[in-house]
Amino acid sequence: MLNSSLNSAFGINVMGYVSGEFGLGEACRSHIRAMEAADIPVAIQDFQEQSQLNLDNSYAGLLSKDRPYPISLLHANPHPQGVMDKISPDYFKGRYNIGFWAWELPTLHPAWLYAFDLFDEIWTYSNYCAEAISVVSPIPVIKVMPSITLSPASLSRKQLNLPENKFIFFFMFDFASIFERKNPLAIIESFKQAFGTSNNRVLLLIKYRPHPLFGHQEQQMKALAESCPSIRFIEGDLRKDELNALMYNCNSYISLHRAEGFGMTMAEAMFLGKPVIATAYSSNVDFMNVGNSFLVKYKLVTTTENYGPYPAGSVWADPDVDHAAYQMKYVVDNSYEAKQVGARASEEIKSLLSPQVIGQKMRSRLEYIMSKINTPTVKSRQEIQLEPYNLAGEVTVKNQSALQGQAEYDLTILSIFRQSERYVYRYLQQVTEAFELNGGKCHAVWLEGDSTDNTYKILQQAKEKLEQTGNVDVTLIKFDNGGPYWGSIVDSDRWLQIATCWNNCLAGLKPSKITICVESDLIYNPAIIKPLADKIDDKHHVIYPMLMTYDGSYERTPDHEDFHDTWGMRRGNTHFIKVPPYWPESDELTEEEDLLELTRGGGMIVTTYEHQQRGHFETTCCVMKYPSDVKLFMHKGLRIYHPMPGEARYWTPSILLADWERAQLQVRQTRAEKIWLEAQVQAWKKTAQQTQMELARFQRESLLTHSQFSK
């Protein structure tokens, strides 16, 4: 644990499955590669799992018996009968200790809770894992994704005894990783549904590592595939280069998992440019989306029995076999489009998970820890947790009670009004109920101006009534000159006017634990405030919920034919509902930001730190964006988020993002088809030119032959 006797040398001691030829081993090595790329001094200790293959010698010559650095990373899950049971308690003494954990379910296993006392912070693969751990963690939880690098394949299909002309789907797994979670039966069922029991065009290749405890499941898997000669199994251990060659020589990778701690094989397939078909659930959606892969629908189910470490009553995904079959058939029948998706996947993975990118994030965090270790008065773990740090867009703080003590209000709602008489009473009713549901000290900030109806008068009366309760303060801003008025869609000043209104509203904001931006004409059910607030912990304290009418339907105001002005927008003669949606060119939320997806009411919870880093207030929706020359200033890094209405009544960020990315994919496919057609036209022109040249040559030769014969 943290203490004043720590060595001040910068660097990290890493212990993990360094030589392990399995997922956790590859993840450990990937982080070491990232540390090397960021010039982080590292002392490596190998922990070998006897039940696994330990043949990777990448760091065999660099292993150390010592732990010379003040920070130690134990890259292993804290199973009581696993690594933790074999490590001496002295390992943790005199060091700042980091545990790297990966857990596949949304609720952390209770057997792991004891291990928090051994560490100063936890690192993990994804937002999905971080949320599961953070709920019960008394220490910081930090997302550190693995890095991905793969060497070119050295083996061909012929050398691997694979057919040269078939479209090959590939999947690999280890029975020790729990058969039911990896779910190969769904892959076999989907393949048979898509291509029948005998199809000479395709091959499903499943490489697996057996386990003596799961012989029955192995027989079950092979029995399901028995009637289908287009399914082949590869059993046993292979070297990493052999596995890479199998991946390289396949056409598509598929994983219909029920839950993943990360999804290394999917990321590696994407690195190689393979179109990946996978369940749209758990950690893999941190790097997969409908623009770079073929995600499969699912429904959440509750398990009725124990599966390895996953107890009965756990929740995980049940992928849709019909949809998976459709995706498999699509990538075969539309190989050009599938390759385009694979190419985009490769580009994104190489950017997101490069050793340099991941290494720099780790270095930033380690440098922060070192700055605390090397201060004249070394602070305890609890004191460090109280500080508002958040480095590289990844760090979260679990205990900010001291900071929260500075908050003047428990909940603040901000709104701007113009010509709102027709719905302001309904708005006030919902806001009042929201304050009652939330409890505590609440604050409303209202900006009104340019209204020719009774909006301002109604707000004045509501302010007096709310403040009589003693629990609510209201800041009412009268902004007569250029108030919340924005011109028509074709008005070039529209975006600047909207930005000006919101920033003037923000000027009335005071410190608040939770701040919600509410558009006055988009009323929402106040009952969502409580479940939203329940999801707030010490690291998440800004909410932007999807706004909707009290009964869950969407408000259609008399002024607009569609949902609201951003849904019914026009520019010139273009109605945006008729064209593919788009997002701002920059400043949209990225994979690296700390998002918690909500299951009710939509919207998102985002750390204030993320938006302090952005330095401006922004509005993001499918059709609204501010030009780059509009300067928007903000208070406490707030952001308003406009999801678009659609078939789903309640939106979550992932649904909205998927819808946008699906449209973007369609745009890319259309563009690709256009490029292909243009290439075809050019090819036809070239062929025509060649034909003309051949014809001219034939004519010349004919004339020459004729003249020779005539002599």
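Readers should treat all values here as calculations from the given coordinates under stated rules, not as data from a laboratory. Only a predicted model underlies this, so the values are computations on that prediction, with no experimental measurement involved. Using ideal geometry, Cβ is built from the backbone for each residue, glycine included, and neighbour counts are taken over all protein chains shown.
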**Study point:** For region 22-30, Karplus couplings with θ = phi - 60° (6.51, -1.76, 1.60), whole Hz, Gly/Pro x
**Key:** 8, x, 5, x, 5, 5, 4, 4, 5
Study note, to complete from the structure: Other residues with Cβ under 13 Å from the Cβ of Thr303 give, with Lys and Arg +1 and Asp and Glu -1, a net charge of -2
Check your understanding: Given H placed 1.01 Å from N in the peptide plane, which residues other than close sequence neighbours of Thr475 have an amide H under 5 Å from its amide H?
Key -> Ala444, Val445, Trp446
Review point. Amide H neighbours of Val42 under 5 Å, counting only residues 5+ apart in sequence or on other chains, H built in-plane at 1.01 Å?
Key: Ile12
Practice item. Starting from the amide H of Leu73, placed 1.01 Å from N in the peptide plane, find each other amide H under 5 Å away whose residue is 5 or more places distant or on another chain. Key: Asn13, Val14, Met15, Ile98
**Study point:** Karplus 3J(HN,Hα) series, Hz, for region 161-171 with 6.51 cos²θ - 1.76 cosθ + 1.60 (x for Gly, Pro)
**Key:** 6, 10, x, 6, 10, 9, 7, 9, 8, 10, 8
Practice item. Take the cross-link list Lys143/Lys441; Lys361/Lys510; Lys158/Lys339; Lys299/Lys361; Lys240/Lys274; Lys166/Lys685 and give me the ones stretching past 24 Å between alpha-carbons. Key: Lys143/Lys441; Lys361/Lys510; Lys299/Lys361; Lys166/Lys685
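Report the calculated FRET efficiency for Ala9 and Leu224 (r = Cβ-Cβ distance, R0 = 56 Å), to the nearest 0.05. Write out the running numbers ahead of the final one.
Numbers: r = 56 Å, r/R0 = 1.00.
Here the calculated transfer efficiency is 0.50.
Any idea what the dipole of region 112-182 comes to, in debye rounded to 20, about its Cα centre with Lys/Arg Cβ at +1 and Asp/Glu Cβ at -1? All intermediate terms of the calculation are to be shown ahead of the outcome.
Working: 6 positive and 7 negative charges, 122 e Å.
That gives region 112-182 a dipole magnitude of about 580 debye.
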Study note, to complete from the structure: Here, trypsin sites (Lys or Arg not before Pro) of region 150-216 satisfying both criteria (DSSP loop; at most 13 other Cβ within 10 Å) are Lys158, Arg201
**Study point:** Rounded to whole Hz, the Karplus (6.51, -1.76, 1.60) HN-Hα couplings of region 277-288, x for glycine and proline
**Key:** 9, 7, 4, 7, 8, 6, 5, 5, 6, 5, 10, 10
Point to revise | Mean shadow area of region 12-147, taken as a quarter of the surface of its Cα convex hull (nm²) | key: 7.9 nm²
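First select every other residue whose beta carbon is under 14 angstrom from the beta carbon of Ala245; then total the charges, Lys and Arg +1, Asp and Glu -1. Can you show the working numbers first?
Details: positive: Arg157, Lys158, Lys207, Arg239, Lys240, Lys274; negative: Asp241, Glu242, Glu268.
Here the count lands on +3.
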